[in-house]
Structure formats: C-alpha cells, structure tokens
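All of the numbers you see were taken from the coordinates with simple rules; none came from a lab. A quick note: this is a predicted structure, and the numbers were derived from the prediction, not measured. FYI the Cβ positions are ideal-geometry reconstructions off the backbone, even for glycines, and counts take in every protein chain you see.
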Amino acid sequence: MHRGVRLSASGIVLLVACVFGSGRAATAADWPVLSPADTALKAPRIDPQADAEALLWDVRVTDSDERDELSTTLKHHVRIKVFSDRGREAHGTVELMYTPSRRVRDIEGRTVAADGTVAELRNQDIFDREIIRASGLKVRVKSFAMPAVVPGSIIEYRWTEIRDDSVANYLELPMQRDIPTHLVRYHLKPLAVRDIGYQMRTEWYNLEKEPERLKEENGYTIFQVRDVPALKDEPLMPPELAVKPWMLIFYEDLANKNKTPEKFWTDYAKESNGAFKAYIKASNDLKQAAADLSKAGPVTVERLVAFARERIKRDGVRRRKDNRTVTDALKRGSGTGEDQTLLVAAMAPLVGLDARLALLPDRSEFFSAPNMRQPHFISHLAVALETSRGWRFVDPSNRHAKDGLLSWQYDGQYALILDDKSPQFVPVPLAPPQDSNATRTVAIKLLESGTVEGEVTLSYTGYLAMRYRDRDDDSAPAEREQRLKDDYVKRWPGAAISNVRFEKLDDPQQPYVIRFAVSIPNYAQKTGSRLFIQPSVLQRGALATFTQATRTHRVIFPFAWLEEDTVTIDVPEGYELEPGEPMRAAFLAGGAGGFTAKLGFDATTRRATFARGFSLGGLSRLFWDAKDYPTIKNFFDEVQRQDGYTLSLRKKP
C-alpha cells in the first residue's frame, strides 16, 4: 500500500510505517482517575464469555515539524479489566516492537487491585531484546509483565512512540482489537499544511455509523467509538482490514477534493506514469542491452524477466532512490525488486513488445474497489502486456515465481493501466487450479510388525511452489530440514525422517521438489491375522480445516490448487486385501472443487496402489459467503473422512 504523499513543491515524499518501541519506568502521579464503576466491575459487559475487556484504548497522534524536522508522536494508553486467569495470561505480559527510526520511550504501568491497592511497574522489570537483524533491518522488542495481576485487577500501561522523519499519512488506526473494548479513542493533530494545498482527511471502513467526533483544545480532534466486540478469528477469513472497523488518516491534495472517481484515477494514472517515464527513459546502455538480447532471436517477456533478475541483484538494503534511473541499476547490477520490474518495462518497447506499467491492489490486506478513490489500496507495480486474449501481467520482482507470475494476492481483482493518453482499469483473472499443483508420491514397504519404510517425494508448481520457496529460501538448510521433520512427526508419531533433499529451491522456472526417506513404527494396526493401514499416508493426522459449527465471516481461499497423490504399498508376503466398501468421491457444485480416490491391489506383486485427487477453486470460486459455510464445511469434512479410509489386509490361512 502507498505510504507517502507529496507535501511541497520540491516533491519530497514522506514515508510512514507502523512499528512500536521502548521506554522507562512509571511514576505514580498523573494517571487518569478510575471510575468506581470500573473498579467494581465483576463481569464482562460486552461479551459474557470474555476473560478480559479493555476499558479504554486511547491514542494521541501528533504531527510536528519543529525545527524543520518532521515527526509523528503517538501516545498510547491502555486500560484492561481482568476477569479470569486466562485473561491474566493473555494480557498480563506486553511486548512493544521498535526500530532505530521508530522509537518508544516513557513506558509506564500499574496494576490496580479490586480493593484499590496499586502495584507499579518498575524500570528493572522492562526487558529489551533484539528479534530481527537481517539485510540492514534491526528490530527490537521491549517486554514487561504487569505486577500482581489477579482476576478482578485493572492493568494499565502507556508509552510514547516517536516516528522520525515521518507524518501520519496513510496511517491505519484500528477501532477493533482482539479484546472487547468499552471505549476506543483517537486524538488527532495534523500539520497545518493548508497553505501549501493539503489537508488531513479521515476515512472509516466497516463501521455502521461514523465515529463520534469532538473538538479538543490545542488543535486536536477526537474520534471515538464505544462498546466494540473483540475481532473473531476464524480460519481462512478475509484480511482484518476487510472485516474490522478502522479509520484511515492521510493528507489530501485539495485539488483532488471534488474530482469524480473517473477524473481522479485518470489524473493519478497519468501523473504516476509521467513520474516513472523519467526513470525508465531509453538510454544507450538499454538500447545496447536490447540489441544484445535480440541476437539470440525474438525476445519474449519471459526472457526479459530472466534478464532483469540476472542483471539486477537485490541486496535487501538499497532503495530505488540510490539509482537515479533504471540504467543506473543496470550498470551497478544492484537495486530493488521494483528496479527489476522497471527494467522490463524500459526494455519491452526496445525489443518490440507492447507493454505498460500497472498498479494493482493487494487482496491479502484489503478488498478495494476503484470507486473508493484511494491510492493507498493500489500500489503494487507490475508490467502489463496486451495480448489477443486480454491483458497479461508479469511481476519480475516476484523472485520465486516462474516467468514473473503475479503473487496470488494481486490476482482476481483489477489493475490500473498507466498511460499518458488512455489509462484504464482492467480485470485481473484468477489463476486456475491446474496452475498450482502438488504432485506427491509415497513408495513404502509394509512390514508385518506394522512399521512402514520408504521414500516420499513432494513436487510443487505455481503458487504452491512460491509459498514453500518463500518459506524455505531464507532458512538455513538445517532449519529447513528440522521444520519438515517437525511437521510430519506431529502427524506420524515416532517417525524417523532422514536423507532430506530440497531440489530446485533457487530455480523458479522448475517445480520445487522435496524428497526424504521415512520409517514409521506401528503405522499399520495389527490385530490377530490382520493389518489395518490408512493408504492416504500424507493426510494421516491432518487437522480438520473447519471445526466451528457456525461462521461469522466469509471463507476466502488464497488461490486455486490441485493435489495429485500416488501411494504404493508393498505388503508382507502371505497377506491379501480383504474386500471392503469403496471410497466415495466428493464434489462442490459447478466444479468448484472435487475429491476422487482409487484403490487397487496386484496379488502377484503384493502391491496396493492408492491414487488421490483433490482440487479447489474451479470456475474461480475462491470466495464463499458465510451463509454457504455449511456447504464448504461438509465438503472438507467428507474429504477428511475419506482420507481416513483404512485397508484391511488378512494373512492367508
């Protein structure tokens, strides 16, 4: 999402981000007076099942340009009533993250018992540790446990957060949190920038009515809401910003205030395109690079993506501002993922490709629409090519994607095509299930003791390959191996996993393959002359996708995918397969999803064969309304039942 706005004629862009910081111990003075009603409160008021409720969540946001140095200060104050031991465990310990440019100070805290006794948070009880140090990024956390917390206590703490070289522009302010809250209150004091053509604006989302708005002294405006229930977390729910109440604050160019959405986006696209044109202007170096590429034949966008990734390495620290043009990035061989995208856009016309730059929204953060007239929601840069079948989008910066495939969070919505003459919004299609395939094979030998031994191969393409490469690429080999072992041993108790290999991790053009050997004691249950074995080995011990009987939010699957499993089981000599009920298929209406299974047994080779197929997201059906929850839950429940199917092998007399 966009984090900046132009505030002066010099075109300085001010960037903001949301992280926390650290501080000092409390003094007993100047805490706001607790009301007798809050002190006497013995049961939750908003949610009868709550273990704690926030009486107050207060944040004072101040933008400042003192001594021509911009900063945003946020003063946080939290007051929570604890009703149970679970509430004490959940809220009695606090962690505040911070970075060198996002500082925290003045940490204060106290616990007020039901009888009015006060226990102050001491400075020596605030601990500081580093949690991230990578690629020039350092993140630390201040943590503290509130003293003497028991059911009936009120815990109260506050801290000051300072964001250097920043203004509260495109700042997301939550009105709902993971705890029921009696009063959520924000005090806002913007910069006085109307004389240069800007003004702070507020927009709120997912609120049934506007927040209460009150004027306050010293130039502050209060926005507040009351009696907010806790955000209910559900598996595969929409992103939080799509469901919880929240407010966006930003500085708006007053020239845009009365524009229609069509006029606003036309002007915005043209302005954005103009800003990028200077950066990707054709140079002799670019022309020479295009000529060299063309010597090997027609240059496709796939070749351009590979060229950009090869010639511009991402060092993780350098910002695009370090390169004045994309030619600088090419010559230096260093830049950002955005530099890779802009290099493809710059060279496309030089090799005869009709390409544009495009901006796309991120549906993993929020579901936006063009009529919202809000650039904050549409900022991811990609290259768009017009083909006979419509627009095609590539994202060279998506380092783990074959041929620059978009990440899943940018498909299935829309894109703004940047153009000087005719910018336009166009749909971005969802990728079909066959583009993301998990091909999994298991070849095992069943011993008469019930132990199975053999080899497992996992092969992933498309979004599945991206997901697992993203997970594994930044991990050390030992960490990758241990994570895989931990995952499967949870499902196969006592399993020994060895000879783990990760193949093509660094080659997004190929499927990502993981292989390992496995030995699982007592996998098959032995009863008398029979062995009972679950052929769906990779689904053994898998947790249910949906456990709740009812649903509040929509079900959102990130992308469509296929699973194709082949399992071969060599059974002990002298055993035969007993007849049993056949496995049943399961389908979602209209081809939105399906499950099939087929069992076979060759008596000559004593080999059982199990083939499993699963698909979801056919016909672009990834989003399910809450009213359709029983349908999708029943489908997954039936798949899990069929995955638990057991073969019976009987020893011949």
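Numbers at a glance
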read-out	value
222 nm mean residue ellipticity, helices alone, for the chain (DSSP H n ≥ 4; -39,500 (n - 2.57); rounded to 500)	-5500 deg cm²/dmol
Label-point separation in nm, GLU262 to ASN371, each point 7 Å along Cα→Cβ	1.4 nm
Long-range HN-HN contacts of LYS445 with modeled amide H, under 5 Å	GLU453, GLY454, ASP570
Hydrodynamic radius (Kirkwood) for the range 36-121, which is based on Cα pairs only, to one decimal in Å	15.5 Å
Dipole of the chain, positive end: most advanced residue of VAL344, GLY528, PRO261 [Cβ charges, Cα centre]	VAL344
Relative packing of 285-298, 366-379, which averages over residues the other C-beta atoms within 10 Å, highest first	366-379, 285-298
Listed pairs LYS189/LYS259; LYS259/LYS331; LYS81/LYS244 exceeding 30 Å between Cα atoms	LYS259/LYS331
Part-to-part distance (alpha-carbon centres) for the range 83-148 and the range 261-289, which is given in Å	46 Å
The range 448-569, dipole about Cα centre (Lys/Arg Cβ +1, Asp/Glu Cβ -1), debye to the nearest 20	580 debye
Alpha carbon centroid spacing (whole Å) that separates the range 568-616 from the range 331-378	46 Å
Compactness index (Cα Rg / 2.2 N^0.38 Å), the range 392-465	1.81
Residue (of TRP159, MET237, VAL225) at the positive-pole extreme of the range 36-256, dipole from beta-carbon charges	TRP159
Highest to lowest packing among 532-545, 589-602, scored as the average C-beta count within 10 Å	532-545, 589-602
Cα-centred dipole magnitude for the range 36-256, charges only on beta-carbon of K, R (+1) and D, E (-1), debye, nearest 20	360 debye
Computed over the range 486-585, the ratio Rg/Rh where both radii use C-alpha atoms and Rh is Kirkwood	1.03
Charge dipole (debye, nearest 20) of the range 261-427; +1 at Cβ of Lys and Arg, -1 at Cβ of Asp and Glu	420 debye
Intensity falloff of the range 261-427 expressed as log10 I(q)/I(0), Debye formula with alpha-carbon point scatterers, at q = 0.09, 0.15, 0.20 Å⁻¹	-0.28, -0.81, -1.41
Ratio of the Cα radius of gyration of the range 434-651 to 2.2 N^0.38 Å, where N counts its residues	1.08
Using a Förster distance of 60 Å, the FRET efficiency for GLU69-ASP637 (Cβ separation, nearest 0.05)	0.55
Computed lengthening from ALA291 to ASP487, 0.36 nm per intervening residue step minus Cα-Cα distance	65.6 nm
Mean-position separation - Cα centroids, the range 380-415 and the range 618-653, in angstrom	33 Å
Potential lengthening between ASN218 and ALA148 on full extension [0.36 nm per residue; Cα-Cα distance subtracted]	21.5 nm
Fraction of alpha-carbon pairs over 45 Å apart in the chain - percent	34 percent
Reduced Cα scattering model of the range 235-321, Debye log10 I(q)/I(0), q = 0.12, 0.14, 0.16 Å⁻¹	-0.78, -0.92, -0.98
